[in-house]
Amino acid sequence: MKAKRWRGSCGYLLTLAVILLGGVLPTFAAEPIPTSEDCLACHSDPELSKTGPGRLPISLFVDQASFQGSVHGFLECVQCHVDATEIPHPEALKKVQCQTCHENAISGAHDLQGGKGLTCSACHGSHAMGPPPQVESVICKKCHAPVVEVYNKSVHGMALVKGNGDVALCLNCHGSVHELRKVRDPGSPVYPLNLPRTCGTCHGDPELAKRHGIPVTNAYQLYMDSIHGRALARSGLLVAANCSSCHGFHGIRPKDDPASKVNRMNVPSTCGTCHAGILVVYAESVHGKAVRNGDAAPVCIDCHSAHQIRRVEGAPWQLQAIRECGTCHEESLKTYRDTFHGKVTALGFTRVAKCSDCHTAHAIFPSSDPRAAVSPAKIVATCQQCHPQATASFAEFHPHADYHNKERFPKLYYTYLFMTALLVGTMSLFGLHTVLWFPRSLLERIRRRRARAGEELEP
Amino acid sequence: MSGSERYYFRFNLYHRILHGMVIFSFLGLALTGLPLKYAETGWGRWLSHVLGGPFTTGYLHRFFAVITFLYFGLHLGYVARLVLKGQRGIFWGPDSMVPQPRDFVQLAQHVRYFLGLGPRPRFGRWAYWEKFDYWAVFWGVSIIGASGLLLWFPAFFARFLPGWIFNVAIIIHSDEALLAVAFIFTVHFFNTHLRPEKFPLDAVIFTGRVEEEEFQREHPAEYERLRVEGRLEAHRADPPPLWLRNFARVVGFSALAIGIILIGLIIGTALG
């Protein structure tokens, strides 16, 4: 980097020397080369203009003060306008070739061929050239107005207005402006395979997240460990969801904004852009309907998490999903834990029925709905997934029986009552028996020891 | 130990082997069953994982259940053999396990003795709490065994039983097992081994032999009966050899330790 800059500076000085010499040498020629003063004799007139291609006037005015104050203020006009060697000069002068000094200044997407494209002056201005402008969005807006409009309303754009110095500007994501690449170019920082790393420069920094109250402090790390992150980073899949697949790109909104792609109400449709088949099933389910009605019900991320989405085959996720169901279905989780199924999963093993094995993962309906896997019409087939010999009678086993509930489960209630009475009764009676016996037995032992000691004393 | 002590047989080898099977299978069932019942506790999870997870403990649990059914069958066979030999005394009388009016009288007398209101009753071959232990095992094996079989072969039993029976079986199996464990590891341990007169271990179930003085003290009526009937000498035993006494200590203290640890964990969970 340093060496490159040094080489660049050498080239720059060399070129500068040639130009300066070029400015001196022609003084020996017959016709004197016009100085900047000569040029300004005409071009200091604010009214000076010519008619452009669309019959629009193009101003030919040069503000001497601002030019001389610019970084190029030391140059003579002819050093850039190389064909203006006599006064009056030809009506149409050649375009200024910045590359003469600024070698390879523009490459990539902004290096538009055919002269129609981006000139240096489009961003840097012409005569009043200063250091690169700070507010990129103002510059970029000249060409990318619709995108910048969207950006300005995004979480980043809004933060920028509030004076947030850490906020992502155009070039923070799109890379160096002079070497800017198209999104589909594998070298672009916003190419799908590169995007997570680009977002991660900020969204993998817990300190930055803390500073700006971003709720997920390590989104990048979580994402890279997720099924999406692995598909992208390890398998190199362009179709794997990256940051922008869910959050959008220029118009990223915070999740509590109803227009946000990751707002709770919009999460199913956002995930459904890829997981279309699941969305159809979920939307019909008791959860999907409840969410649409504005009731509290899980959306995709409640079970699958937002960033650290794991393979559903893995035991840790499967066990977590049970607890997740239990955050709303508290009673069902409690009664589930009374059964063999629930106890085995509590021990950390998954080779037994979990919530979704009986209720399905997405097509969840009340048992009264004939579409439900636990409906009377389907329950035997559901049990048979694990218990091939299951019959209708077998399926009468209640996997969520609550033996405390006298109304719904009287048989279980009275069984439990009897068993508890037996336990408490037996243990109380014998507990009392033991408590009474203990001091007596202790006395007996002491008495016996004394008797034996007495025996030994009397030979 | 002076060589002058006299020993009498209280348990024959068959009794001792069967009780050995009871100890082995009962501790095995408790160790492999409790982790499932207490699946949501730290120690339950730990024990389950140490023993190979719920499917391995489930397999072991069934293995110990088979031993339970085996000793239950062997005992019924033993009873049947005695009946066929014409020993009606097993159903009534001083040799019988069947509760008799004398047992209730002795229970009352024993409580009065606890309170210092009377002398210690003169127990026969089987004191009332020993009979209770016996019937508790009889009842426990039947109830836990039957409910366990239901849960072992649900598809088979569902052919002729309604499905809710398995819900009932879960409650019965679990709660009756808790009662069995709680009773054996506290009441039985105290009555037999841990009460100050016996502390820390009564080895008679392992050696089969009871020392004369203890025999007279613990079962005076039985001692008297054998003496009067002139059968005392027929029960005379050699002193238990050292290897047998060591065997009794190792097995006995191990069983006591396992039981006390388990009941400690159960009580700790119930309190905490």
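Values quoted throughout were computed directly from the atomic coordinates according to the rules given, and no laboratory measurement underlies them. Since this is a predicted model, take the numbers as computed values, not measurements. Cβ atoms come from the backbone with ideal geometry, glycine included; neighbour counts cover every protein chain shown.
Tabulated data for the structure shown
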item: Chain B - percent relative contact order, Cα under 8 Å, separation 6 or more; result: 29 percent
item: Simple spin-label estimate for A:Val281 and A:Leu48 in nanometres, 7 Å along Cα-Cβ; result: 7.5 nm
item: Three principal axis lengths of the range A:357-404 [C-alpha, angstrom, descending]; result: 31, 24, 17
item: Tilt relative to chain B, helix B:128-152 - C-alpha long axis, 0 to 90 degrees, to 10; result: 20 degrees
item: Mean Kyte hydropathy of -0.5 or more with a Cα span along the axis of at least 20 Å, helices from DSSP in chain A; result: A:2-24, A:315-328, A:410-457
item: Separation between Cα centres of the range A:389-419 and the range A:54-87, rounded to whole Å; result: 94 Å
item: Neighbour-count ranking [beta-carbon atoms within 10 angstrom, fewest first] of A:Thr327, A:Thr434, A:Thr426; result: A:Thr327, A:Thr426, A:Thr434
item: C-alpha long axis of helix B:101-114 to longest principal axis of chain B, angle in °; result: 90 degrees
item: Additional length obtainable on full extension of the chain from A:Arg448 to A:Cys386, 0.36 nm per residue less Cα span; result: 15.9 nm
item: Sequence of B:Phe63, A:Phe340 once ranked by neighbouring C-beta atoms within 10 Å, starting from the fewest; result: B:Phe63, A:Phe340
item: At q = 0.19 Å⁻¹, base-10 log of I(q)/I(0) for the range A:257-310 (Debye sum, equal scatterers on each alpha carbon); result: -0.61
item: Chain B: angle of helix B:13-37 to the longest principal axis, Cα-based, in degrees nearest 10; result: 30 degrees
item: Distance between modelled label sites at B:Arg122 and A:Asn293, nm, 7 Å Cα→Cβ extension; result: 8.1 nm
item: Kirkwood estimate for the range A:405-449, i.e. one over the average of 1/r between Cα atoms, Å; result: 13.0 Å
item: Rg/Rh for the protein assembly as shown, where both radii come from Cα atoms and Rh is the Kirkwood radius; result: 1.30
item: Cross-link pairs beyond the 25 Å C-alpha cut-off, checked among A:Lys142/A:Lys182; A:Lys411/B:Lys131; A:Lys162/A:Lys261; A:Lys334/B:Lys37; A:Lys334/A:Lys411; A:Lys94/A:Lys141; result: A:Lys411/B:Lys131; A:Lys94/A:Lys141
item: Relative contact order for the range A:134-252, counting Cα pairs under 8 Å that sit 6 or more residues apart, in percent; result: 23 percent
item: Ranked list, fewest to most other Cβ atoms within 10 Å of each Cβ, for A:Ser154, A:Ser126; result: A:Ser126, A:Ser154
item: Cα centroid of the range B:96-170 to Cα centroid of the range A:247-269, whole Å; result: 66 Å
item: Spin-label model distance (nm) - B:Glu212 vs B:Phe247, 7 Å beyond Cα toward Cβ; result: 2.6 nm
